[in-house]
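Quick notes on the structure that follows.
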């Protein structure tokens, strides 16, 4: 899978998580399609498959992921975070927990890029700091990546 497909897949997965977070009964596929059109995302079949893997893993590990985010986000309750930031963090934490073949630097950088694209001016720094603490908490450090 190319880096471009993974990047597109992450953006698509973010949309799916965002839609589900807003209303669990939402037509996730329809909401993601609307986002793809709004933000001019090109999502090929490979990227869609990767997005589905990410969303499935995020659902499977949701309790642990939210606990990690809560512990790593000093002075922020998860329900008080912006929906975009919260779901970027869920996506990044999911990769740190369930996709251990993806280097830590890549996970954090990709999440920061999503935050720059979809979040506020402060989102990228917030996401970077929280995911760095989560990486440490789950025993993953950038220097350990081969």
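The values are calculated or read from the model by the stated rules, or taken from the named source; none is laboratory data. Given the structure is predicted, the values throughout are model-derived calculations rather than measurements. Here the Cβ positions follow ideal geometry from the backbone for every residue, glycine too, while neighbour counts run over all protein chains shown.
Structure summary
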| item | result |
| --- | --- |
| Residue in the stretch 98-108 that is in contact (Cβ under 8 Å) with a residue 60 or more places away in the chain, surrounded by 14 or more Cβ atoms within 10 Å (Cβ to Cβ) and within 11 Å of the chain's Cα centre (by Cα) present | no |
| Positions within the stretch 112-138 being without any contact (Cβ under 8 Å) to a residue 24 or more places away in the chain and more than 15 Å from residue 76 (Cα to Cα), in sequence order | 112, 116, 121, 124, 136 |
| Qualifying residue in the stretch 71-81 (condition: modelled with pLDDT of 95 or more and either touching a strand residue (DSSP E or B) at 6+ places or on another chain (Cβ under 6 Å) or surrounded by fewer than 14 Cβ atoms within 10 Å (Cβ to Cβ) (or both)) | yes |
| Options 91, 114: the member that is under 10 Å from the mean Cα position of the chain (by Cα), under 23 Å from residue 144 (Cα atoms) and either loosely packed, with under 15 Cβ neighbours inside 10 Å or at pLDDT 90 or above (or both) | 91 |
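Condition check ((1) part of a helix (DSSP H, G or I); (2) at pLDDT below 85) across all residues:
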site: 6; (1), (2): yes, no
site: 9; (1), (2): yes, no
site: 13; (1), (2): yes, no
site: 19; (1), (2): yes, yes
site: 32; (1), (2): yes, yes
site: 35; (1), (2): yes, yes
site: 43; (1), (2): no, yes
